[in-house]
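Colleague: Below you will find the structure I want to go over with you.
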């Protein structure tokens, strides 16, 4: 991913009103953070790992570990995810939430082949980003989903 | 034990557990863990059943007991009822 592509990916998930606020920061952060790695190349379409833990950090950790061990990536491991994490520090969830939802949408839309999803064995919320956004997109695009449950 | 602080954090994420995992501050995570989060969700679901008239008298009593056992005050129980 080029620096410009990285910046574009971030800019596309930030509402218009927020662009000016983070733009000066974004250039610097993207400049430092965007590195084209093998893992990210694997994440161009396939090799994507999703998770939905309903508040259970162990689910995210399991997804991250699986992705790391298998040359795949979770949304948070992408440069866009890392940059969004950095850029939205200090913001409320009311502000961050829509940005993460847009990034999740892009992550799901860009998936092809087979993806993995880690879920809380205790159940997930139908209103979660997975249930409301990611799963419908993957299903519509005919992406094969391999499920993993985390106790 | 659920407190008003737990509920405040839960509400600040609009009940989105994945959002909490993804973006919670260290301070928030020091106060609230998955057990708190899942207990709040479970209690809200129970209260919702009662509000919709789907719970039996016996189950309603069980829910009241659960609320008393797991919440630190009447205010906390009231806040949970308001969210359901």
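Colleague: Using the alpha-carbon atoms, what tilt in degrees (0 to 90, nearest 10) does helix B:57-70 show relative to the longest principal axis of chain B?
Modeller: Orientation of helix B:57-70: about 30 degrees from the principal axis.
Colleague: What is the helix-to-structure angle for B:34-51, meaning the angle in degrees between its Cα long axis and the longest Cα principal axis of chain B, kept from 0 to 90 and rounded to the nearest 10?
Modeller: 30 degrees
Colleague: In addition: Which three lengths, in whole Å and largest first, does segment A:56-111 cover when its Cα atoms are put on their principal axes?
Modeller: Principal extents (Cα only, largest first): 33, 25, 18 Å.
Colleague: Taking the beta-carbon count within 10 Å as an exposure proxy, list B:63, A:145, A:126 from fewest neighbours to most.
Modeller: Ranking B:63, A:145, A:126 by Cβ neighbours within 10 Å, fewest first, gives A:126, A:145, B:63.
Colleague: Another question, then. Neighbouring Cβ atoms within 10 Å as the yardstick, rank B:6, A:116, A:148 fewest first.
Modeller: By the 10 Å Cβ count, ascending, the order reads A:148, A:116, B:6.
Colleague: Stick to Cα atoms and the Kirkwood definition of Rh, then tell me Rg/Rh for segment B:1-49.
Modeller: 0.95
Colleague: Okay, next question. So what are chain B's ellipsoid semi-axes, whole angstrom, largest first, if each one is the square root of 5 times an eigenvalue of the alpha-carbon gyration tensor?
Modeller: Values: eigenvalues 117, 33, 19 Å².
Taking √(5λ) for each eigenvalue gives 24, 13, 10 Å, largest first.
Colleague: Which of B:64, B:18, B:33 moves most in a GNM of chain B, Cα contacts under 10 Å?
Modeller: B:18
Any read-out appearing in this document is the output of simple, stated calculations on the displayed coordinates, not a laboratory observation. Everything numeric in this text was worked out from a predicted model, so none of it was measured. Positions of Cβ are generated from backbone atoms using ideal geometry, with glycine treated the same way; all protein chains shown enter the neighbour counts.
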